[in-house]
Amino acid sequence: DETTARRKDAHLDLCATGDVEPAQNSTLLEDVHLIHCAMPEMAVEDVDLSTPFLGKRLQAPLLVTGMTGGTDRAGTVNRDLALLAERHGLAFGVGSQRAMAEDTARAASYAVRDVAPTVALLGNIGLYQAIGLGVDGVRRLMDAIGADGMALHLNAGQELTQPEGDRDFRGGYRVVEELARAFGDRLLVKETGCGIGPDVARRLVELGVRNVDVSGLGGTSWVRVEQLRAVGSQAQVGAEFSGWGIPTAAAIASVRKAVGPEVRLVASGGVRGGLESAKVLALGADLAGMALPLFRAQQQGGLPAAEEALKVILTGLRQALVLTGSRSVAQLRQRPRVVTGALKDWLAAL
Ligand code: FNR
């Protein structure tokens, strides 16, 4: 309905210019130190970043994670970033398709196949909307945009901070199990900035989930976004919880330890550059994911600005591999690294 679209526009405004990345939050990636190799004995062009994902082959292990859809403005964001992903061989996700599930007239703002015919494309829906839609309804959303897979997002922290949000989180695993059975390795389960930890990840994998985006703490905080929209006591609770979550570095390292190598892991949540991407890949991610930095670049300068931002990221990622003497992510993972500070404490507990 109208309120879903209006809320989404308020969210986009806040994400474009608001203080949605609380400075006191951290991914803890600053506690990961890759080790310099003074004699790399390789050329930059020897770096092979290609990665399989959703039955396709990416040229770089990067996912532009789901953000938007439902309005004309959102449609431009989707098309610009999908085209960028197509050009550079990345994966791309649209934002929550709830708006088009409620009103098919909004479907056009999620349609990117004309500009991104071969991109590895993810649809997106919230866990509790998926309960209402059922397997067939979710499949219709995926098919309507020609997606290669479907992202199911978890956002209990955001819902509890949203005055009109969900208050009952029962029945989630049952839906995940049904979707995993129906979609197989086309299903991805993601958080939205509070992180998926090893216990939840293990349970998801037991139910058949084969792709997980841990989306941890340290980047965009949806609790903070809702705090900025809320008033009174709701805003106070939002302020208290805007640092709640599992830091991205702790989430990805502990989840990789908890699940087998066959599970595809994405690490998003505050990953902001090529070196940070290299760090999450070293910790066990198959792909690094990013939302806010590419969204902001697009809002400020359209596709050219987003492409400039992406080039800095890709250059930094290649440079990190060369300077660790790694031709591939597989080699990068075998290199020694140093883990210090709070991340060491997190990993001792998880
Ligand atoms: C998001 N995110 C998100 N996630 C999701 O599954 N469905 C959605 O509709 C949205 N919408 C959305 C809008 C905008 C503007 C942003 C910035 C983000 C969450 C996103 O996919 C990601 O999990 C988090 O933002 C963490 O990554 P970053 O932003 O710190 O790189």
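The values are calculated or read from the model by the stated rules, or taken from the named source; none is laboratory data. Just so it is clear, the model here is predicted, and its values are computed rather than measured. Quick reminder, even Gly has a Cβ in these numbers, built from the backbone with ideal geometry, and neighbours come from all protein chains shown.
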Residues of the stretch 110-129 classified as away from the ligand (no atom under 12 Å from the Cβ) and not aromatic (Phe, Trp, Tyr), total | 11
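Could you tell me whether residue 97 is at pLDDT 95 or above and under 16 Å from the mean Cα position of the chain (by Cα)? Break it down into steps so the answer makes sense when it comes.
Numbers: at pLDDT 95 or above: yes; under 16 Å from the mean Cα position of the chain (by Cα): yes.
Against the criterion (at pLDDT 95 or above and under 16 Å from the mean Cα position of the chain (by Cα)), residue 97 qualifies.
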Could you check how many residues of the stretch 329-350 are under 22 Å from the mean Cα position of the chain (by Cα) and over 22 Å from residue 217 (Cα atoms)?
-> 4
Pairs only if they're at least six apart or on different chains, beta carbon under 9 angstrom, first in the stretch 203-224 and closer than 17 Å to residue 66 by Cα and among the aromatic types (Phe, Trp, Tyr), second near the ligand (Cβ under 8 Å from one of its atoms) and in a loop (DSSP other than H, G, I, E, B); list them, first residue then second.
-> 222/20; 222/155; 222/192; 222/193
Enumeration of residues in the stretch 93-118 that are buried (at least 24 other Cβ atoms within 10 Å of the Cβ) and either aromatic (Phe, Trp, Tyr) or assigned to a loop (DSSP other than H, G, I, E, B) (or both) = 94, 95, 96, 97, 110, 112
Would you call residue 265 within 16 Å of the ligand (Cβ to nearest atom), closer than 17 Å to residue 197 by Cα and not basic (Lys, Arg)?
-> yes
Answer yes or no as to whether residue 240 is at pLDDT 95 or above, surrounded by 21 or more Cβ atoms within 10 Å (Cβ to Cβ) and acidic (Asp, Glu).
-> no
Would you please name the residue that is nearest to the ligand (Cβ to nearest atom), looking only at residues in the stretch 91-109 that are touching a residue at least 60 places away in the same chain (Cβ under 8 Å) and of a type in the set (A, V, I, L, M, F, W, C)?
-> 99
How many of the residues making up the stretch 35-79 are within 22 Å of residue 190 (Cβ to Cβ) and in contact with a Lys or Arg (Cβ under 6 Å, 6 or more places away or on another chain)?
-> 1
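Each row is one residue, and each column tells you yes or no for (1) away from the ligand (no atom under 12 Å from the Cβ); (2) more than 17 Å from residue 128 (Cβ to Cβ).
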| site | (1), (2) |
| --- | --- |
| 166 | yes, no |
| 174 | yes, no |
| 178 | yes, no |
| 186 | yes, yes |
| 196 | no, no |
| 200 | yes, no |
| 208 | yes, yes |
Name the helices (runs of 4 or more DSSP H) wholly inside the stretch 269-350 in which the number of residues that are surrounded by fewer than 16 Cβ atoms within 10 Å (Cβ to Cβ), at pLDDT 95 or above and within 16 Å of the ligand (Cβ to nearest atom) is 1 or more.
-> 292-323
From the list 151, 147, which one is over 17 Å from residue 215 (Cβ atoms), within 18 Å of the chain's Cα centre (by Cα) and within 14 Å of the ligand (Cβ to nearest atom)?
-> 147
Select from the stretch 177-211 the residues that are more than 20 Å from residue 95 (Cα to Cα) and of a type in the set (Lys, Arg) and write down the one among them that is nearest to the chain's Cα centre (by Cα).
-> 210
